[in-house]
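This report concerns only the one structure given below.
Read the figures in this text as sums done on the coordinates, not as results from a lab. As the structure is a prediction and not an experimental result, all values here were calculated from the model. Please note: Cβ atoms are built from the backbone with ideal geometry, for glycine as well, and neighbour counts cover all protein chains shown.
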Amino acid sequence: MKCFVTGASGFIGSNLVRELVAQGHRVKALLRPKSDERGLAGVEFERVTGDVLDRKLLEREIEGCDWCFHVAASYHLWMRDYAPMYAVNVEGTRNVLEAAGKVGCRRIVYTSTVGCVGLPKMVDGRFTPTTELDAISNEQLTNHYKCSKWQAEGVATKLFHQGLPIVIVNPTAPVGPRDVKPTPTGQVIVDFLNRKLPAYLDTGLNWVHVRDVAAGHLLAAEKGEIGERYILGNREGNWTMQEMLAVLEEITGIPAPRMRIPYRVALMAAHVDEAISRFTGKPPRAPLGGVRMARYKMWFNPAKAIRLLQLAQTPPKQALADAVEWFRANGYVK
């Protein structure tokens, strides 16, 4: 197949391009000017320079492609002005999906986030991981990133109802190689490796190997039912932050932090941090949006993708080990 990929220089995007090429597909990748392309080193693909706000360019370049993977997104937990993020995440999504539909793509895979899925509820004293059927409440849309992605998923759903062959995937918290930026979850690992993580918050994520997430995109194009959404996660990956750090200690031999920061203390510190950032223009070390997300155990059930897409289930410990190896090999550890 000939595939068009947006967000190809990002963490998921670069791994997706590699997976597509490895399986014999031809890739045309949309890259913004001056993108950091280290994650794409050594991969053969056709490069298109531009962005998702250029509708005419999208229609011209997607024409002739069989599959379109819209992975690009603006992911920031703090900005002085959030309008550009909404423009990219909402209007950019509309542009890509409509352009792909107009030129006749047979499958359009939209990369959403589990931030658009309802959060776990306490049942009999235990958190029950949620599925694609659990709706998110307004109070759980705790930051502008989640709000913008929720609106974007609404655009994708509306366009499906208008006849476009769209499949939605909702990755959990990917870890592994080629986290160039790095992502917020990758930054936790980097800080741990550099012994700059003195304490932790009582939160939880579903940890999944980025390779499985990338392969899950292909499976969604091959086997996904149009109009459905699939959580790309790991059934064994619902860990608290404390549990994840304990595994990192086991992998690296570096002692994990023992001090847990109370949520209220973290929230107060984030308010102060953001107040300072409004004057300096520098992003806060602990964004308010991130702290508010950390209040919840973000645990999810990927059974649907495992059953219907045959989503691979690399052990989360291996995902963390691969991330550690890549960060060490690429100069992130001082």
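Things worth noting here:
- With eigenvalues of the C-alpha gyration tensor scaled by 5 and rooted, the range 205-278, Å: 34, 21, 11
- Crossing angle, helix 241-252 versus the chain [Cα axis fit, 0-90 degrees, rounded to tens]: 90
- Taking the fewest neighbouring Cβ atoms within 10 Å as the starting point, the ordered list for His144, His209 is His144, His209.
- Computed from label points 7 Å out along Cα-Cβ, the spacing between Thr157 and Arg264 is 3.6 nm.
- The mean sequence separation of alpha-carbon pairs under 8 Å and at least six residues apart, normalised by the residue count of the chain, gives a relative contact order of 19 percent.
- FRET efficiency, 1/(1 + (r/R0)^6) with R0 25 Å, evaluated for Gln187 and Lys282 via beta carbons: 0.95
- Highest to lowest packing among 260-271, 122-133, scored as the average C-beta count within 10 Å: 260-271, 122-133
- Panel values: the range 107-249, Kirkwood radius from alpha carbon pairs, Stokes-Einstein at 25 °C and 0.890 mPa s, translational diffusion coefficient 148 µm²/s.
- Shown for Asp212, Asp51: other C-beta atoms within 10 Å of each C-beta, ranked fewest to most, produce the order Asp51, Asp212.
- Extension gain, Glu225-Glu243: 0.36 nm per intervening residue step, less the Cα-Cα distance, totals 3.0 nm.
- Each peptide in 149-157, 55-63, 78-86 gets a packing score, the mean of other Cβ atoms within 10 Å over its residues, and the list from highest to lowest is 149-157, 55-63, 78-86.
- Counting every other Cβ atom within 10 Å of each residue's Cβ, Phe160, Phe279, Phe4 order from fewest to most as Phe279, Phe160, Phe4.
- Selected from Glu139, Glu228, Glu243 as most flexible by GNM, with the chain as the system and alpha-carbon contacts under 10 Å: Glu139
- Stokes-Einstein D (µm²/s) once Rh is taken as the Kirkwood radius of the range 45-167 over alpha-carbon pairs, at 25 °C in 0.890 mPa s: 156
- Bins of 20 Å, starting at 0 and running to the largest distance - Cα pair percent for the chain: 31, 61, 8
- Distance between the modelled labels on Ala135 and Val123, one decimal in nanometres: 1.9 nm (7 Å Cα→Cβ projection).
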